[in-house]
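Some notes on the structure that comes next.
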Amino acid sequence: MSRLASGVVLVTGHDEEDGPRGSDVGMTATAFVSVSLEPPLVLLSVRTESRMDELLERQPLWAASLLTEGQRQTAGRFAMKGRLSDRLMFQETPHVRGEFSGAPLLDGALAQLECRTEQRVAAGDHTLLVARVLNTVLPGGQGGPLTYFQGRYRGLA
């Protein structure tokens, strides 16, 4: 499957149960696709028992920022295992808070989607989330999409 190019998104959520003001959670994903235009549905795959899976099991609202080729460093940082806390990562990543989800939406992304999970499906070591798109913003990110192919982030040639 490393020979299948895919887009790269930053998936985010807000955990209201973590601390007095809650905390933001983020992960880089390449398994994110459009499912339906009417109603607008997307599919996201997350590793079972990851922090994001645990959050999205109890919190149905989340967001996805479709990354540009210029956001390669952000994708890499949110994909690292054993990384710094998400709180510190978001302090260094320009974003706004989604009106519908309360989740961070990355500045400069190609598109920002706010979603509500409608169905969870166990699939091997991952959980598939089918979600309704509640809101879409096209902030006009510069450049083309960031893609992932053969284990590396790339832009379109």
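The values are calculated or read from the model by the stated rules, or taken from the named source; none is laboratory data. Just so we're clear, the structure is a prediction, and the values are computed from it rather than from any experiment. Note: ideal-geometry Cβ built from the backbone for every residue, glycine included; neighbour counts use all protein chains shown. Surface accessibility is based on the protein's heavy atoms, side chains included, excluding ligands, DNA and RNA. Shrake-Rupley method; radii C 1.70, N 1.55, O 1.52, S 1.80 Å.
Picking from residues in region 78-90 that are closer than 12 Å to Met27 by Cβ and out of contact with any strand residue (DSSP E or B) (no Cβ under 8 Å at 6 or more places or on another chain), the one that is most open to solvent (accessible area, probe 1.4 Å) is Lys81. Is at least one residue of region 59-68 modelled with pLDDT of 95 or more, assigned to a strand (DSSP E or B), open to solvent by less than 40 Å² (accessible area, probe 1.4 Å) and out of contact with any strand residue (DSSP E or B) (no Cβ under 6 Å at 6 or more places or on another chain)? Within region 59-68 (the criterion being modelled with pLDDT of 95 or more, assigned to a strand (DSSP E or B), open to solvent by less than 40 Å² (accessible area, probe 1.4 Å) and out of contact with any strand residue (DSSP E or B) (no Cβ under 6 Å at 6 or more places or on another chain)), the answer is yes, since at least one residue qualifies. Put simply, of Gly102, Gly141, Gly82, Gly108 the only residue that is in a loop (DSSP other than H, G, I, E, B) and touching a Pro at 6+ places or on another chain (Cβ under 9 Å) is Gly108. Restricting attention to region 121-154, the residues that are exposed (fewer than 13 other Cβ atoms within 10 Å of the Cβ), of a type in the set (A, V, I, L, M, F, W, C) and at pLDDT 95 or above add up to 3.
Residues that are surrounded by fewer than 16 Cβ atoms within 10 Å (Cβ to Cβ), among the hydroxyl-bearing types (Ser, Thr, Tyr) and out of contact with any helix residue (DSSP H, G or I) (no Cβ under 6 Å at 6 or more places or on another chain): does region 30-38 have at least one? Yes, the conditions are met somewhere in region 30-38. In a residue-by-residue description of region 121-135, the property of being part of a loop (DSSP other than H, G, I, E, B) and touching a strand residue (DSSP E or B) at 6+ places or on another chain (Cβ under 6 Å) applies to no position. Take the conditions modelled with pLDDT of 95 or more and basic (Lys, Arg) and apply them to Arg51. Does it pass? No: the conditions fail for Arg51.
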